[in-house]
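Working notes, structure below.
Nothing in this text is a laboratory measurement; each read-out follows from the coordinates by a stated rule. Here the structure is a predicted model, which is why all the values come from computation and not from measurement. All Cβ positions, even for glycine, are placed from backbone atoms using ideal geometry, and neighbour counts span all protein chains on display.
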Amino acid sequence: MNTLHVEIPGRRYPIFIGTGLLDQPSLLEPYIKGKQVLVVSNETVAPFYIERLQSQLGQYEVHRIILADGEQYKNIDTLNTIFDALLETPCDRDVTLIALGGGVVGDITGFAAACYQRGVAYIQVPTTLLAQVDSSVGGKTAVNHRLGKNMIGAFYQPRCVIADTGALSTLADRELGAGLAEVIKYGLIRDIEFFEWLEEHLDQILRRDNDALVYAIERSCQNKADIVSQDEHEAGIRAILNLGHTFGHAIETGMGYGVWLHGEAVAVGMVMAADLSRRSGWLSESKFRRVETLIHRAGLPTTAPSEMTEPRFLDLMAVDKKVHAGQLRLILLQDIGKAVISDDFDQTLLKQTLNRVSG
Ligand code: NAD
Ligand code: GLY
């Protein structure tokens with residue numbers, strides 16, 4: 001097992017990464033606050049893992065809530081069912097919520113923890129690659145609104161993150177690919193060596209070689225922890241973690257939540273960001289091709305669906321958390337491994353990127 005830390009003002013919390021961690025009761029105990037625990041999972045993940053998790057919690061009063069599975073359920077109505085469970089039990093302010101699942105369960109559980117009685121403890125037990133490398137770390141919690149992705153939420157940090165890589169054995173290939181989009185993101189925004197390592201080792205990851213997976217998860221979490229430790233509330237540098245997300249969120253919202261996976265939409269968004277960077281003269285043609293090729297090799301899409309016309313993109317991108325005073329900001333690439341936050345891009349070039357079909 002490897003342990004990394006997120007260091008934020010006034011507190012520090014661990015990310016445990018390894019195989020078989022779901023069976024280690026001593027890991028969870030120090031992070032559970034009172035006597036009551038509410039495990040939040042979904043109908044797909046719970047049958048695989050909830051009993052194993054719950055068997056580590058013998059000395060606690062454990063309750064569970066099983067949510068419907070899917071991005072389309074990441075909304076206020078589902079959030080309310082968690083509040084119902086907490087109040088009907090009833091759970092006091094010392095309750096600890098445990099999110100057992102992918103990014104949807106993690107984001108919604110974190111937001112429930114942030115709101116219930118103005119804030120209770122929670123632990124992230126991520127079970128998708130995407131959640132293990134990204135969403136479980138850093139305290140962004142949210143639900144979607146029909147007009148915008150993750151628009152209702154809070155920054156609220158977990159007490160710890162327990163990433164059992166063994167849980168990935170049951171994950172569908174398409175979901176593994178979606179997680180790889182966020183892994184590639186770290187290479188693109190700030191870690192050229194990792195990008196080059198991914199170019200060399202991608203096939204091992206796709207074959208689910210455990211050593212390659214563990215290395216990719218650790219390196220991703222280290223990158224994320226470094227950034228979050230510098231800028232917990234996204235006053236500046238943390239925004240680079242959103243490479244491709246303005247385009248990607250528009251695709252997710254525009255196509256209907258759950259039609260495109262988050263990681264797939266982000267993959268296209270990263271190619272679009274690289275494309276705009278190329279058109280702006282920052283990224284060479286050969287480097288753009290390296291970005292596009294790695295994303296394609298990961299089994300991810302590299303062009304937006306035809307339904308996403310330029311006006312549709314522009315409408316949806318106007319509802320983005322990086323819009324300030326009506327001005328859209330994008331994360332672009334000055335190089336592979338060097339992202340910048342920019343509102344200084346040419347609108348004509350942006351429109352060319354929005355209309356790019358391929359090539
Ligand atoms: P997800 O939570 O929908 O999980 C993907 C699918 O895999 C689901 O069907 C789920 O039930 C299933 N699943 C989960 N674990 C499994 C396992 N071990 N075995 C078999 N099936 C399993 O999607 P995701 O890709 O994990 O997360 C996407 C969400 O994360 C989006 O809502 C996105 O906005 C959010 N996100 C948040 C942050 C953040 O910083 N908070 C960062 C990135 C993404
Ligand atoms: N996924 C973006 C962030 O955590 O900031």
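Can you bin the chain into rounded, prolate or oblate? Criterion: square roots of the alpha carbon gyration tensor eigenvalues sorted a ≥ b ≥ c, rounded for a/c under 1.5, prolate for a/b above b/c, oblate for the rest.
Numbers: a/c = 1.88, a/b = 1.53, b/c = 1.23.
It is prolate, given that a/c is not under 1.5 and a/b is the larger ratio.
By DSSP, the beta bridges lying fully in the stretch 36-170 are antiparallel in about 20 percent of cases. Any chance you could give the angle, 0 to 90 degrees and rounded to 10, that helix 210-230 forms with the longest Cα principal axis of the chain? It is inclined by approximately 90 degrees. Taking the C-alpha atoms only, the angle from helix 262-279 to the longest principal axis of the chain is near 30 degrees.
How much of the pair distance distribution for the stretch 205-253 lies past 12 Å, counting alpha-carbon pairs only, in percent? Let's see the in-between values first.
Working: 827 of 1176 pairs.
For the stretch 205-253, the share of Cα pairs beyond 12 Å comes to 70 percent.
Between the stretch 333-359 and the stretch 23-40, what is the separation of their alpha carbon centroids in Å? About 45 Å separates the Cα centre of the stretch 333-359 from the one of the stretch 23-40.
As an exercise, take the mean of 1/r over every pair of distinct alpha carbons in the stretch 141-244, invert it, and state the Kirkwood radius in angstroms. Intermediate values should be presented prior to the final figure.
Values: mean 1/r = 0.0654 Å⁻¹.
Roughly 15.3 Å, rounded to one decimal.
Amide H to amide H distances under 5 Å link Val6 with Tyr13, Ile15, where only residues 5 or more positions off or on other chains count and H is placed in the peptide plane.
Applying the Karplus relation 6.51 cos²θ - 1.76 cosθ + 1.60 with θ = phi - 60° to the stretch 299-312 yields 3J(HN,Hα) values of x, 9, x, 10, 10, 6, x, 5, 4, 8, 6, 4, x, 5 Hz, where x marks Gly and Pro. Across q = 0.11, 0.22 Å⁻¹, the stretch 262-342 modelled as identical point scatterers on its alpha-carbon atoms has Debye log10 I(q)/I(0) values of -0.31, -1.15, in the order of the q list. In the chain, the DSSP-assigned H stretches of four residues or longer account for a calculated mean residue ellipticity at 222 nm of -13000 deg cm²/dmol, using -39500 (n - 2.57) per stretch and the full residue count as denominator.
For the stretch 255-359, GluC sites (Glu not before Pro) are listed when DSSP marks them as loop and at most 13 other Cβ atoms sit within 10 Å of their Cβ; the list is Glu307. GNM remark for the chain: springs join alpha carbons under 10 Å apart, and the peak mean-square fluctuation among Ile162, Ile240, Ile76 falls on Ile76.
Once you order the gyration tensor axes a ≥ b ≥ c over the Cα atoms, which shape class does the stretch 10-142 get: rounded for a/c under 1.5, otherwise prolate or oblate by comparing a/b with b/c? Note, shape of the stretch 10-142 comes out rounded. Among beta bridges from DSSP that stay inside the chain, the antiparallel ones total about 45%.
What's the magnitude of the charge dipole for the chain around its Cα centre, counting Lys and Arg as +1 and Asp and Glu as -1 at the beta-carbon? Answer in Debye, nearest 20. Don't skip to the end; give the middle numbers.
Details: 34 positive and 45 negative charges, 111 e Å.
So the magnitude is around 540 debye.
Where the convex hull is taken over the Cα atoms of the stretch 74-146, what is its projected area averaged over directions, in nm²? Before the final figure, lay out the partial values.
On the way: hull surface 18.4 nm².
Mean projected area of the Cα convex hull: 4.6 nm².
Please check the chain for the longest run free of trypsin sites (Lys or Arg not before Pro) that are loop-located per DSSP (anything but H, G, I, E, B) and have at most 11 other Cβ atoms within 10 Å. Can you show the working numbers first?
Values: sites that count: Arg146, Arg207.
Formally, the longest exposed-site-free interval is 208-359.
Positive-end ranking of Val271, Thr89, Leu27 along the dipole of the chain, with charges on Cβ about the Cα centre, is headed by Val271. Computed from label points 7 Å out along Cα-Cβ, the spacing between Ser169 and Glu200 is 2.9 nm. Here the Karplus relation 6.51 cos²θ - 1.76 cosθ + 1.60, evaluated at θ = phi - 60°, turns the backbone of the stretch 122-137 into coupling constants of 8, 10, 9, 10, x, 10, 10, 4, 4, 5, 6, 9, 9, 5, 7, 9 Hz, with x for every Gly and Pro.
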